[in-house]
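Asker: Dropping a structure here in structure tokens format, bear with me for questions.
The values are calculated or read from the model by the stated rules, or taken from the named source; none is laboratory data. None of the values given here were measured: they were computed from a predicted structure. Methodologically, a virtual Cβ is constructed for each residue, glycine included, from the backbone with ideal geometry; neighbour enumeration extends over all protein chains shown.
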Amino acid sequence: MTRSRRAIFTYLTSVAFTAVTMVVGLIAIPYLLRWLGEERFGAYRAAADWYAHLTLLELGIGGALYPLLAKALSRDERSALGATVSAGVRAYVRITAFMLLGGLILAAGIPFLVPVDAALTGDLTRAALVAVVGLALTPLIPFRQLWEARQEGYRVNLLLLVQSLLITSVALLLAYSGWGITGQMVALVFGGYAFYFVLVGREAKERPWLVKAVTSRVPDAEAWSELWKLNRPTVTRQMCGRISVASDRIIVAAMLGPVMVVPLFITQRLVQLAQQQVQSIGSATWAGLAELDARGERAIFNARLVELTHLVTALGIAVLVPIVAYNEHFVSLWVGAERYAGDLVTLAAGTGAILLAVVTLWDWAFEGTGRVARLVPVTVISAVINLALSIGLTPRYGVAGPLLGTLVAVSLTSAWYLPLLLKREFGLRPGALLRATLIPIAWGVVFFLVTWRLAHSRTSLGWAELALEMSAAVIAYLLVWWFAMLTPGQRRMNLDRMRALFTRAR
């Protein structure tokens, strides 16, 4: 299967994952809110975010492993791949002990970090202890990364889809049965165990030699050294990323209370799903770009990155502008207008989603090729600005404060610095990236004004009307993109790729 086909399949399965989880969420979340109550639901979300921060204790091993796996796969040698995966697993085994210890410490302090009513303290603590059990899966992470590095992200996405349905089903059952916060964490951890049971079992069946190499050999010195060499800048990046993006609900819970996490989560839920979908273009294509870099095909690498930048920007605008415009109608139909956090939250989340999707794509060019150290300075500066603004703006702007902090921080740092860094490292002209982003944005401004005016001229909409108008808006922008923003040569190339998707790879 060609690089393009694998990337397209990965993206399409990501679309399917987002579509299904969105529909399931539309159905499930109102029931969870009814059976759990807003405080339990908000406390679970905030506690889960705290435990997600424990991934920082992996010391950047995950991010360091991606380029090493891509390099080993490009050599097409069993010994090199076995040594790399073995090094990754053994590194994760070493740090799992620290993560378990950190999880227990966090469980002891979770009632202070997520303040809840005294009657819920025991439930919250038990949920935290359940989350600790989930940390034992950490050494299996390299097997998922291997699938992604082999450009088999479509298989990962299908597994994630099944996992999501399993977690939601168990969460609903336990919420209805009165298990509270603990039940939600049990569902999350159970889904994680099921995911890795299938993934590692499949790998053992298809490549028993690899599993044998991981369990029976000590990683060679070169693989071990390379892994720990790359982990230092990676862990710095991950720490800053957590501070910049993943701390919003924690800040809101600490400063405004867990109950306020609910409108924040609800209002930006559709935006987040769309953002994940647009960002998945980068995760679907990074392995192919890394392969081009490893082969020294720099001109093709740069051309593909510019093309992907244009695609991410255009698709981001096409999908997110209608969501931003119609979000109040969506939330009102879904869980009630009283849980809508306001237009400022929606605008900040939507604008930030488009910006982060583009910046994340550029990040992959460095992470996938082992140049992650180049990103550390700008990442640290962005994180400091983000945290300071998020905390400072929350008292004034409420739940919109952290979102505004992220938007301003990324605009002041990565948005303009990464194009300059891409020129220095890869010889990619910033003007090419500028054109790739500004042309869709220029059309997008007009698109936003028209769509926003149309959405806010309606006092109420049913589900069918909402779906019809949002879909029509997306299609309208994509038609403008296809006929007005792409050249005839680009349209032919895209059509050829779509035809190739349905033919056998040579």
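Asker: Is it the case that LEU387 is in a helix (DSSP H, G or I) and under 21 Å from the mean Cα position of the chain (by Cα)?
Answerer: Yes: the conditions hold for LEU387.
Asker: Moving to a separate point now. For the condition on the phi > 0 side of the Ramachandran plot and either within 23 Å of the chain's Cα centre (by Cα) or not assigned by TED's automatic domain parsing to the domain that holds PHE366 (or both), what is the one hit in GLY392, GLY398?
Answerer: Step by step, each of GLY392, GLY398 is checked, and only GLY398 is on the phi > 0 side of the Ramachandran plot and either within 23 Å of the chain's Cα centre (by Cα) or not assigned by TED's automatic domain parsing to the domain that holds PHE366 (or both).
Asker: Can you tell me which of VAL312, VAL271, VAL261, VAL306 is without any contact (Cβ under 8 Å) to a residue 60 or more places away in the chain, out of contact with any Asp or Glu (no Cβ under 6 Å at 6 or more places or on another chain) and within 28 Å of GLY350 (Cα to Cα)?
Answerer: After applying the criteria, what remains is VAL312.
Asker: Kindly indicate whether PRO488 is free of Cβ contacts under 8 Å to residues at least 24 places away in the same chain and farther than 30 Å from LEU264 by Cβ. Before you say what the answer is, go through the steps one by one.
Answerer: Working: free of Cβ contacts under 8 Å to residues at least 24 places away in the same chain: yes; farther than 30 Å from LEU264 by Cβ: yes.
In short, yes.
Asker: Let me ask something else. Residue by residue through the range 368-393, note down the ones that are in contact (Cβ under 8 Å) with a residue 24 or more places away in the chain and either closer than 14 Å to TRP286 by Cα or of a type in the set (Gly, Ala, Ser) (or both).
Answerer: Matches in the range 368-393: GLY368, THR369, GLY370, ARG371, VAL372, ALA373, SER382, ALA383, SER390.
Asker: Could you check, for the range 57-72, whether at least one of its residues is closer than 26 Å to ILE167 by Cβ and over 24 Å from the mean Cα position of the chain (by Cα)?
Answerer: no
Asker: Out of all the residues in the range 57-71, is one or more surrounded by fewer than 17 Cβ atoms within 10 Å (Cβ to Cβ) and modelled with pLDDT under 90?
Answerer: Looking for residues that are surrounded by fewer than 17 Cβ atoms within 10 Å (Cβ to Cβ) and modelled with pLDDT under 90, one finds none in the range 57-71, hence no.
Asker: Shifting gears a bit: Checking the structure you have, find out if any residue of the range 90-107 is among the β-branched types (Val, Ile, Thr), buried (at least 21 other Cβ atoms within 10 Å of the Cβ) and in contact (Cβ under 8 Å) with a residue 24 or more places away in the chain.
Answerer: No: zero hits.
Asker: Turning to a different aspect of this structure: What number of residues within the range 186-214 are in contact with a Gly (Cβ under 8 Å, 6 or more places away or on another chain), among the aliphatic types (A, V, I, L, M) and touching a residue at least 60 places away in the same chain (Cβ under 8 Å)?
Answerer: Number of matching residues: 4.
Asker: Scan the range 391-448 residue by residue and report those that are more than 30 Å from ALA484 (Cα to Cα), β-branched (Val, Ile, Thr) and in contact with a Ser or Thr (Cβ under 7 Å, 6 or more places away or on another chain).
Answerer: THR406, THR413
Asker: Given the options ALA353, ALA357, ALA365, ALA341, name the one that is of a type in the set (A, V, I, L, M), outside any helix (DSSP H, G or I) and in contact (Cβ under 8 Å) with a residue 12 or more places away in the chain.
Answerer: Going through ALA353, ALA357, ALA365, ALA341 in turn, just one is of a type in the set (A, V, I, L, M), outside any helix (DSSP H, G or I) and in contact (Cβ under 8 Å) with a residue 12 or more places away in the chain: ALA341.
Asker: Then there's this: Within the range 427-476, how many residues are touching a Lys or Arg at 6+ places or on another chain (Cβ under 8 Å) and within 18 Å of ALA314 (Cβ to Cβ)?
Answerer: 0
Asker: Taking the range 289-308, which residues are among the aliphatic types (A, V, I, L, M) and under 20 Å from ARG5 (Cβ atoms)?
Answerer: Of all residues in the range 289-308, those among the aliphatic types (A, V, I, L, M) come to 289-290, 292, 294, 299-300, 303, 305-306, 308.
Passing the criteria: LEU289, ALA290, LEU292, ALA294, ILE300, ALA303, LEU305, LEU308.
Asker: To continue, here is another question. Taking the options ALA87, ALA83, name whichever one is touching a Leu at 6+ places or on another chain (Cβ under 8 Å) and under 25 Å from PHE197 (Cα atoms). Let's see the steps before the verdict.
Answerer: On the way: ALA83 fails: touching a Leu at 6+ places or on another chain (Cβ under 8 Å).
Only one candidate qualifies: ALA87.
Asker: Filter the range 168-185 down to residues that are surrounded by fewer than 23 Cβ atoms within 10 Å (Cβ to Cβ) and either under 22 Å from the mean Cα position of the chain (by Cα) or among the aromatic types (Phe, Trp, Tyr) (or both) and give me whichever is nearest to VAL20 (Cα to Cα).
Answerer: Residue satisfying both the conditions and the ranking: THR168.
Asker: Then there is this: Pull up the range 72-87, narrow it to residues that are within 17 Å of THR369 (Cα to Cα) and buried (at least 21 other Cβ atoms within 10 Å of the Cβ), then point me to the one that is modelled with the lowest pLDDT.
Answerer: That would be ALA72.
Asker: With surrounded by fewer than 23 Cβ atoms within 10 Å (Cβ to Cβ), in contact with a helix residue (DSSP H, G or I) (Cβ under 9 Å, 6 or more places away or on another chain) and within 25 Å of THR13 (Cα to Cα) as the only criterion, which of ARG269, ARG295 stands out?
Answerer: ARG269
Asker: Looking at (1) at pLDDT below 95; (2) of a type outside the set (Ser, Thr, Tyr); (3) closer than 23 Å to THR309 by Cα, find the lone condition where ALA388 falls short.
Answerer: Looking at each condition in turn, ALA388 falls short on (3).
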